[in-house]
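Student: Let me begin by handing over the structure; questions about it come next.
The values are calculated or read from the model by the stated rules, or taken from the named source; none is laboratory data. The structure displayed is predicted, hence computed values, not measured ones. For neighbour counting, all protein chains shown are included, and Cβ atoms are generated from backbone atoms with ideal geometry for every residue, glycine included.
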Amino acid sequence: MRFFLIIVVLAVTAALAGCVETRFESPPGDNIETCDAHWKGLWSGDKDTPHDTTAFYIDDECHFIVLDQVDKGGPLKQIHVPVNYVHDGDRDYIVVADNMLKGLVELKPVYGVDPPPAKAFFFMRYSVHGDRIDLYKIDDARVARLVIDGKLDGTVAKTGSELHVFVRGDRARMLEILQKDSIFVDKADPVLHRVRESVAEYERALIQAQRQAKP
């Protein structure tokens, strides 16, 4: 779950840590929504371990709240992350502006672009299946190859274990890329599962389980 936390919310531990990342110049299209009712409720990334140290709560007003336990045995910290949603045909996407992740993770400006844009965007595709949400992160290596081959306009910088990809284009071009280019991984990771508890109940159960697990 820490993986998804650093990404968006969302999607790329190494990416947001500055090792591997793909950012886009614009959000996809003009039909950007601030709510998808399917997300309302409490979600965890581990079905077999129902009380993870990181969970996600989308309240009745559609505020996307990351619940993260900073110290083991301590309370859950609540961090609001402005998340947007794009629906195009039968495909659904999460869109997060990098400047909205302050307080969650510290991001450097877009790598290798001078001057760097005031903000750029992370994309993630998702699919809702009742009490499960499958998430598909960007295939950074695949997007880098598309840029190198001239199929996408942008920049690629690779040094050692780091890969920084920036894709240029306006809103219409971003939506076209989502429609025509395969830029996401083929297998869902992570997968979120609905939790049938309140946030307070979830927090109490998590802390209780940790206390019982102590030798």
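Student: Filter the stretch 78-113 for residues that are without any contact (Cβ under 8 Å) to a residue 40 or more places away in the chain and either surrounded by 18 or more Cβ atoms within 10 Å (Cβ to Cβ) or among the charged types (D, E, K, R) (or both); which is farthest from P27 (Cα to Cα)?
Tutor: E106
Student: Restricting the stretch 53-77 to residues that are touching a Cys at 6+ places or on another chain (Cβ under 9 Å) and surrounded by fewer than 19 Cβ atoms within 10 Å (Cβ to Cβ), which is farthest from V195 (Cα to Cα)?
Tutor: E61
Student: Sticking with this structure for a sec: Where residues in the stretch 1-44 are in a loop (DSSP other than H, G, I, E, B), among the β-branched types (V, I, T) and surrounded by 20 or more Cβ atoms within 10 Å (Cβ to Cβ), which of them is modelled with the highest pLDDT?
Tutor: The selected residue is V9.
Student: Please go through (1) among the hydrophobic types (A, V, I, L, M, F, W, C); (2) surrounded by 20 or more Cβ atoms within 10 Å (Cβ to Cβ); (3) more than 19 Å from E176 (Cα to Cα); (4) over 10 Å from the mean Cα position of the chain (by Cα) for L135 and return the number of the only condition it doesn't satisfy.
Tutor: Just one mismatch for L135, condition (4).
Student: Take I207 and tell me if it is under 30 Å from S44 (Cβ atoms), among the β-branched types (V, I, T), in contact (Cβ under 8 Å) with a residue 60 or more places away in the chain and in contact with a strand residue (DSSP E or B) (Cβ under 7 Å, 6 or more places away or on another chain).
Tutor: When the stated conditions are applied, I207 does not pass them.
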